[in-house]
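**Student:** If you scroll down you'll find the structure; I have some questions about it.
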């Protein structure tokens, strides 16, 4: 992730350090080979970043599924324990109350784990989306600059 930002910074410096073309409304003369080299490096890195995002999503799914499985196990365990306490005595009523509280708590914990995992995944995906958008903007600007230079050179 940091490598893409570093390359984008290099591209920005390349543009800022380039010579301005007089009478062109602020257009710059950029070394196309150096600029295209940076774009190629970004293209090489993006698949790695996308794979990292895919792995994070997979990990999030695994955590959520594990949390649901664990919560189901707790719920089943406590239901079985509650079923064993069949008589109507005070102990049974107290046990049922405790079991229901435990089931409710396990459901709340499971829901919180799921929300946290989804929030984490959303944050990671938001960051990757930001990086990809910035990279795409830079690529579009670079292509525009090259197209403009090519048009100027042909006229």
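**Student:** Looking at the stretch 16-23, is at least one residue modelled with pLDDT of 85 or more and surrounded by 12 or more Cβ atoms within 10 Å (Cβ to Cβ)?
**Tutor:** Scanning the stretch 16-23 turns up no residue that is modelled with pLDDT of 85 or more and surrounded by 12 or more Cβ atoms within 10 Å (Cβ to Cβ).
**Student:** Let me spell it out: the conditions are (1) out of contact with any helix residue (DSSP H, G or I) (no Cβ under 8 Å at 6 or more places or on another chain); (2) at pLDDT 80 or above; (3) under 30 Å from residue 151 (Cβ atoms), and residue 26 meets all of them except one. Which number is the exception?
**Tutor:** Exception for residue 26: condition (2).
**Student:** Out of 7, 63, I need the residue that is part of a helix (DSSP H, G or I), under 30 Å from residue 149 (Cα atoms) and in contact (Cβ under 8 Å) with a residue 24 or more places away in the chain. Which one? Quick ask: steps written out before the conclusion?
**Tutor:** Details: 63 fails: under 30 Å from residue 149 (Cα atoms).
Testing whether each residue is part of a helix (DSSP H, G or I), under 30 Å from residue 149 (Cα atoms) and in contact (Cβ under 8 Å) with a residue 24 or more places away in the chain leaves just 7.
**Student:** Cβ-Cβ distance below 6 Å, separation of 6 or more or different chains: which pairs start in the stretch 90-103 with a residue that is at positive phi and modelled with pLDDT of 90 or more and end on one that is in a helix (DSSP H, G or I) and surrounded by 12 or more Cβ atoms within 10 Å (Cβ to Cβ)?
**Tutor:** Listed by first residue and then by second, the contacts come to nothing, as the list is empty.
**Student:** While we're looking at this one, here's another question. Have a look at 135, 126 and point out the one that is modelled with pLDDT of 85 or more, out of contact with any strand residue (DSSP E or B) (no Cβ under 8 Å at 6 or more places or on another chain) and loosely packed, with under 13 Cβ neighbours inside 10 Å. It would help to see each step written out before you state the result.
**Tutor:** Values: 135 fails: loosely packed, with under 13 Cβ neighbours inside 10 Å.
Just a single option satisfies the conditions, and that option is 126.
**Student:** Mind checking which residues of the stretch 15-41 are more than 12 Å from residue 138 (Cα to Cα) and either within 29 Å of the chain's Cα centre (by Cα) or in contact (Cβ under 8 Å) with a residue 60 or more places away in the chain (or both)? Before the answer, list the steps.
**Tutor:** Let us first name the residues in the stretch 15-41 that are more than 12 Å from residue 138 (Cα to Cα), namely 16-34, 37, 40-41.
Correct list: 21, 24, 27, 28, 29, 30, 32, 37, 40, 41.
**Student:** Conditions first: (1) modelled with pLDDT under 85; (2) farther than 30 Å from residue 132 by Cβ; (3) surrounded by 11 or more Cβ atoms within 10 Å (Cβ to Cβ). Residue 109 passes all but one, so which condition is the exception?
**Tutor:** (1)
The values are calculated or read from the model by the stated rules, or taken from the named source; none is laboratory data. Just so we're clear, the structure is a prediction, and the values are computed from it rather than from any experiment. With ideal geometry, Cβ positions are generated from the backbone for all residues, glycine too; neighbour counts draw on all protein chains shown.
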